[in-house]
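Below is one structure, written out as structure tokens; comments come after it.
Coordinate-derived values only; no laboratory data. This is a predicted model, so every value here is computed, not measured. Note that we place each Cβ from the backbone using ideal geometry, even for glycine, and neighbour counts take in every protein chain shown.
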Amino acid sequence: MAQVAIGLVNGAFYAMLSLGLSVIFGMLNVINFAHGAQYMMGAFAAWLLLGFLEVPFWASLVLAPLIVGLFGVVLERVLLKRLYHLDHLYGFLLTFGLSLVIEGLFRWQWGSSGAPYPAPITGATDLGFMMMPTYRLFIVVAALVICLATWYAIERTRLGAYLRAATENPTLVRAFGINVPRLITITYGVGVGLAALAGVLAAPIQQVSALMGTNLVLVVFAVVVIGGMGSILGSVVTGFGLGLIEGLTKLYYPPASNTVIFVVMAIVLLVKPAGLFGQTK
Amino acid sequence: MKPSHIALVIALAAALVAPFVAYPVFLMTALCFALFAGAFNLLLGYAGLMSFGHAMFFGMAAYFFGHAVKVWELPPEIGILLGVLGAAAIGLVTGALAIRRQGIYFAMITLAFAQMIYFLCVQMPFTHGEDGIQGIARRPLLGGLLPITDDRVLYYVVLAIFLFGYFCIYRFIHSPFGQVLKAIRDNEPRAVSLGYEADRYKLLAFVLSAALAGLAGATKAMVLQFATLTDVSASQSGEVVLMALVGGLGTITGPIVGAFIIITMQNYLASFGEFVLVIQGAIFVVIVMAFRKGLVGEIADWWKARRKAG
Amino acid sequence: MVEPLLKVAGLEAWYGESHVLHGIDFQIGKGELVTLLGRNGAGKTTTLRSIMGIVGKRKGSVTFEGHETVGQPSNQIARRGIAYCPEERGIFSSLNVEENLMLPPVVKPGGLSLAEIYKLFPNLEERKRSQGTKLSGGEQQMLAIGRILRTGASLLLLDEPTEGLAPVIVQRIGEIIRQLKERGFTILLVEQNFHFAATVADRHYVVENGKVIDMVDRASVQQSLGKLQAYLGV
């Protein structure tokens with residue numbers, strides 16, 4: 001049962017990160033390779049805020065995504081926006097390069113061995129069928145709330161309608177008087193902020209280290225391939241589902257737990273190449 | 001003689017005298033990476049498929065070579081052959097799955113498969129986890145006739161392998177097969193409507209590219225006498241992309257130039273430690289932003305413009 | 001004539017390398033309904049897109065209410081009070097009918113309210129929760145026109161609103177366009193269907209090879225019928 005809980009927690013991160021990737025891809029047509037690095041920046045921002053300014057976890061939950069999101073806004077304004085007219089691969093290459101720079105700088109400054117972040121909630125909660133550390137339960141709930149809020153913002157608000165329309169036909173949306181370039185910048189900032197938020201949530205259960213996002217982002221790519229990037233609900237279901245599968249694998253056949261997601265990806269490619277929730281085009 | 005032929009002769013002459021001027025191990029390493037980058041570039045430049053997981057072929061071939069030579073005590077040429085076949089087999093499986101998606105998804109899928117291979121290498125007994133396979137003896141080639149313990153002798157072997165690999169790439173690009181591949185890259189629906197089975201062509205290009213990357217990886221293991229997790233890592237996959245990008249994507253000579261630049265740079269920057277990563281990333285950013293054609297591509301453009309003007 | 005609402009002078013436009021407009025000149029006064037006539041590929045749609053600022057590159061002058069708009073991005077041009085209804089209608093499939101209607105932001109006071117739009121197009125209200133692209137062709141056209149009426153824009157650019165529609169719907173759209181004119185909208189209409197255009201417009205400009213080559217006003221349409229037919233190749 002503990003493995004199921006860990007699986008759910010991992011799934012929460014997969015869901016949040018693949019959601020951010022999908023939102024960014026939908027609007028910018030860029031696969032944000034730097035997503036893992038920005039997740040790491042979120043955790044570091046929280047850790048630095050605590051260490052230097054004694055900002056508590058709960059404030060960092062808001063502040064860190066804002067700081068890292070602003071950093072994303074600058075990246076988009078200065079670099080990414082100049083590549084939209086080119087093949088998608090260049091955006092991928094650029095963000096790959098950026099992730100090397102970011103992770104390299106953090107490694108150079110703080111090394112690759114991690115630093116602990118004190119858990120903001122201690123103790124465990126009895127769920128009736130199992131005991132779960134309260135903070136981990138909080139992560140799962142928080143991830144669900146974040147995903148739901150993102151869904152609401154995109155599907156039910158005016159800004160979300162702009163976003164959906166601009167994904168389909170940015171030229172026309174702009175000709176209606178909407179500042180589409182600004183919308184794109186905001187989208188990237190929010191997507192990056194989501195990654196950072198996931199990073200802050202991860203800080204207390206992981207070591208805060210320069211490399212914490214490196215491998216994670218590669219797994220999240222597999223999650224995105226499995227789920228397809230078409231739907232928000234798809235990202236959430238796929239993320240949690242794969243977390244669970246990973247947890248169960250750890251329980252029944254531990255050596256395969258690292259690779260099971262990739263095996264699932266291979267199977268999905270065989271059976272439904274567009275991804276479970278993707279549209280074939 | 002055409003200028004390009006003259007250049008080729010000069011380059012070959014330079015390659016022949018190079019080990020007396022420069023450090024042979026450096027040259028051999030650079031040649032291996034040049035072949036690796038050429039294999040990657042074959043796939044991107046001529047099939048329009050960007051693999052972000054090419055280290056899985058390079059690295060696995062290095063492991064196969066190491067295991068064959070060190071544990072099974074086979075001669076190096078058999079080790080290289082096993083490495084190439086192994087890489088091609090992995091290429092066949094991952095390629096058949098990856099070509100089911102296009103564009104950016106293809107890159108993500110290859111990256112994910114490479115990561116899976118990486119995780120497997122961490123766990124599998126024959127790769128020896130963090131240690132890798134170390135101290136692979138340089139057994140003599142050709143049934144004991146050609147000892148390769150001397151770096152200069154080995155250099156000429158590596159040069160021959162490199163030239164063979166590049167010859168394969170050249171022949172492939174200029175074959176009818178390569179022409180069809182280019183047609184598919186430029187307009188897949190049209191090529192399909194003309195009756196070409198695009199997926200078959202892409203898969204064959206993928207397997208060939210994997211095999212050549214394997215050739216490079218096995219040769220590298222022969223030269224440096226080790227195979228480690230670094231060889232299969234995502235950063236290795238990224239590095240080969242960088243080499244091709246620096247030299248010029250889609251050009252024949254670009255990857256060679258790129259590989260020499262990056263390997264040289266790594267030698268000089270070794271003292272910077274962690275900072276090398278930052279510099280590599282920065283080069284990525286600068287090239288993607290400002291010099292997308294790479295060194296060879298930009299020079300070719302400049303040359304054309306100059307000839308037009310003059 | 002009083003100061004025109006829209007004045008186009010020497011307008012040239014490019015799509016990538018191809019030079020499509022070679023110097024378009026015409027003007028529209030406030031409250032007028034003017035059409036651009038011409039064969040396929042003459043440059044009518046490109047003229048509308050150039051006014052809106054959504055072509056590759058443009059040169060020349062387009063002044064709206066005395067302000068030069070060449071050089072401005074399309075979102076700012078829209079904010080000045082020009083609204084565009086594209087030929088392909090541009091209904092968003094990820095938005096429902098009401099979201100499609102509410103999408104263009106209000107740029108000036110004086111637009112129609114949602115209730116007024118629904119009164120004009122009762123079908124849209126019945127289907128307001130449907131996905132935009134699930135509507136019939138005629139309904140989609142009404143949606144495309146309806147959604148630019150809310151914004152308060154005074155100049156409407158309509159690109160072939162009757163294309164591919166049944167006669168009874170063409171008639172309905174004709175009525176609506178007349179009503180809009182009565183309400184004070186200024187309308188620039190691109191039409192292939194000359195008979196339709198002749199019933200609604202004050203003036204016609206004839207476009208050929210990216211240039212305006214003639215102008216015919218309402219009073220002289222009858223005498224010029226032969227000439228116009230020659231231009232349009234009908």
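Residues with beta-carbon under 13 Å from that of residue C:4, excluding residue C:4: net charge, scoring Lys, Arg +1 and Asp, Glu -1? Cβ neighbours under 13 Å give a net charge of -2. For chain A, a Gaussian network of Cα nodes joined below 10 Å ranks A:117, A:90, A:252 by mean-square fluctuation, and the top entry is A:252.
Using +1 at the Cβ of each Lys and Arg and -1 at the Cβ of each Asp and Glu in the protein assembly as shown, identify which of A:9, B:240, A:43 lies farthest towards the dipole's positive end. Working it through, the farthest residue towards the positive pole turns out to be B:240. Dipole size of the range B:23-233 about its Cα centre, with +1 on Lys/Arg Cβ and -1 on Asp/Glu Cβ: approximately 440 debye, rounded to the nearest 20.
Shielding by partners for A:80-88, please: the mean number of other protein chain Cβ atoms within 10 Å of each residue's Cβ. Spell out each step's value before the answer.
Details: counts 1, 0, 3, 3, 0, 0, 2, 5, 5.
For peptide A:80-88, the averaged partner shielding equals 2.
Working note: Cα atoms of the protein assembly as shown, range along each principal axis, descending, whole Å: 103, 83, 49.
Inter-chain neighbour count for A:245-258: the average number of beta-carbon atoms from partner chains within 10 Å of each residue's beta-carbon is 1. A DSSP coil position with no more than 15 other Cβ atoms inside 10 Å describes the following GluC sites (Glu not before Pro) in the range C:1-81: C:17. One Cα centroid belongs to the range A:52-123, the other to the range C:90-115; the line between them spans 37 Å. Here the protein assembly as shown is assigned +1 on the Cβ of each Lys and Arg and -1 on the Cβ of each Asp and Glu. Its dipole about the Cα centre then comes out at about 1120 debye. Here the sum of -39500 (n - 2.57) over DSSP H runs of 4 or more residues, divided by the residues of chain C, equals -9500 deg cm²/dmol at 222 nm, to the nearest 500. Among B:121, B:32, B:168, the residue with the largest mean-square fluctuation in a Gaussian network model of chain B, with springs joining Cα atoms closer than 10 Å, is B:168. For the pair residue B:267 and residue A:256, a Förster radius of 30 Å applied to the C-beta separation gives a FRET efficiency near 0.15, rounded to the nearest 0.05. Shape summary: the range B:23-233 maps onto an equivalent ellipsoid whose semi-axes, from the alpha-carbon gyration tensor, are 31, 20, 13 Å in decreasing order. In the calculated pair distance distribution of the range A:59-144, what percentage of Cα-Cα distances lie above 21 Å? Value for the range A:59-144 (Cα pairs over 21 Å): 57 percent.
Given the pairs C:59/C:181; C:30/C:211; C:7/C:108, which are separated by over 27 angstrom at their Cα positions?
Values: C:59/C:181 30 Å; C:30/C:211 23 Å; C:7/C:108 21 Å.
Violating the 27 Å Cα-Cα cut-off are C:59/C:181.
Using alpha carbons only, the radius of gyration of the range C:160-234 set against its Kirkwood radius gives Rg/Rh = 0.96. Between B:90, B:169, B:279, the GNM of chain B built on Cα springs shorter than 10 angstrom shows B:279 fluctuating the most.
Screening chain C for whole DSSP H helices with an alpha carbon extent of at least 30 angstrom along the helix axis and a mean Kyte-Doolittle hydropathy of at least 1.6 yields nothing.
With K and R counted +1 and D and E -1, the other residues having a Cβ less than 10 Å from that of residue B:59 yield a net charge of 0.
Under a Cβ-Cβ cut-off of 12 Å, what is the net charge of the residues other than residue C:169 that fall near it, where Lys and Arg count +1 and Asp and Glu count -1? Display every interim value, and only then the final one.
Values: positive: C:172; negative: C:139, C:163, C:175.
Neighbourhood net charge equals -2.
Note on chain A: helix-only mean residue ellipticity at 222 nm, from DSSP H runs of 4+ residues weighted -39500 (n - 2.57) and normalised by residue number, equals -24500 deg cm²/dmol. Packing here is the average count of other Cβ atoms within 10 Å per residue, and on that basis the peptides C:187-198, B:18-29, highest first, run C:187-198, B:18-29.
Shielding by partners for peptide B:92-102, expressed as the average number of C-beta atoms from other protein chains within 10 Å of each residue's C-beta, is 3.
Note down the magnitude of the dipole of the range A:2-212 about its Cα centre, charges +1 on Lys and Arg C-beta and -1 on Asp and Glu C-beta and zero elsewhere, to the nearest 20 debye. Around 480 debye, computed over the range A:2-212.
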